1. What does the charge count near Lys76 come to, summing +1 for each Lys or Arg and -1 for each Asp or Glu among other residues with Cβ under 14 Å from its Cβ?
2. Using θ = phi - 60° and the Karplus relation 6.51 cos²θ - 1.76 cosθ + 1.60, list the HN-Hα couplings for the stretch 24-35 in order, rounded to whole Hz, with x at every Gly or Pro.
3. Which whole-Hz ³J(HN,Hα) couplings does the stretch 43-58 yield from phi under the Karplus relation 6.51 cos²θ - 1.76 cosθ + 1.60, θ = phi - 60°, glycine and proline marked x?
4. Send over the Kirkwood Rh of the chain, from the inverse of the averaged 1/r over different Cα pairs, rounded to one decimal Å.
5. Is there a quick way to get the dipole size of the stretch 10-87? I mean about its Cα centre, with the Cβ of Lys and Arg at +1 and of Asp and Glu at -1; what is the value in debye to the nearest 20?
6. Report relative contact order for the stretch 3-85 in percent, whole number only (criteria: Cα-Cα under 8 Å, sequence separation at least 6).
7. For the stretch 1-76, which trypsin sites (Lys or Arg not before Pro) are in a loop by DSSP, counting at most 14 other Cβ atoms within 10 Å?
8. Using the Karplus curve 6.51 cos²θ - 1.76 cosθ + 1.60 with θ = phi - 60°, what ³J(HN,Hα) values do you get for each residue of the stretch 8-21, in whole Hz, with x for Gly and Pro?
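The numbers here are math on the coordinates, done by the rules we state, and not lab data. What you are looking at is a predicted structure, and each value in this text was computed from that prediction instead of being measured. Don't worry about glycine lacking a Cβ; one is built from the backbone with ideal geometry, like all the others, and counts go over all protein chains shown.
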Amino acid sequence: MGKNEKIFWLAKLRELASVDIRTIDQEELVDMENVKIDPELPVQERVMDYIRQIKNPYCYRSHGVIVKISFAGTRKLEECLGDCVSV
């Protein structure tokens, strides 16, 4: 991933993190049950595929329940998501 692409994704992730669950249209949220991760992909590609499928890694549905997550800032998002999608 090039420098410009990284800058784009960092800005996009900050925007996605700022979503207010009180005002978001629930129908726009992807249900985690519909996300399929290919364990054969390298970790970075799994993370990108997860983000592509879930659309917003900070706000999604799980079994119909809206989930909003945040991070303490002690680790990079990629590391946290990598832990979630590792097999």
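1. Values: positive: Lys6, Arg14, Arg75; negative: Glu78, Glu79, Asp83.
Once positives and negatives cancel, what remains is 0.
2. 6, 6, 4, 5, 7, 7, 7, 7, 3, 4, 8, 8
3. Residue by residue, the stretch 43-58 yields 3, 4, 5, 5, 4, 5, 5, 4, 4, 4, 6, 7, 6, 9, x, 9 Hz.
4. For the chain, the Kirkwood estimate is 13.7 Å.
5. So the magnitude is around 280 debye.
6. Values: 75 pairs, mean separation 26.0, N = 83.
Contact order relative to length: 31 percent.
7. Sparse-neighbourhood loop trypsin sites (Lys or Arg not before Pro): Arg22, Lys36, Lys55, Arg75, Lys76.
8. 4, 5, 4, 5, 5, 5, 4, 4, 5, 5, 8, 4, 9, 5
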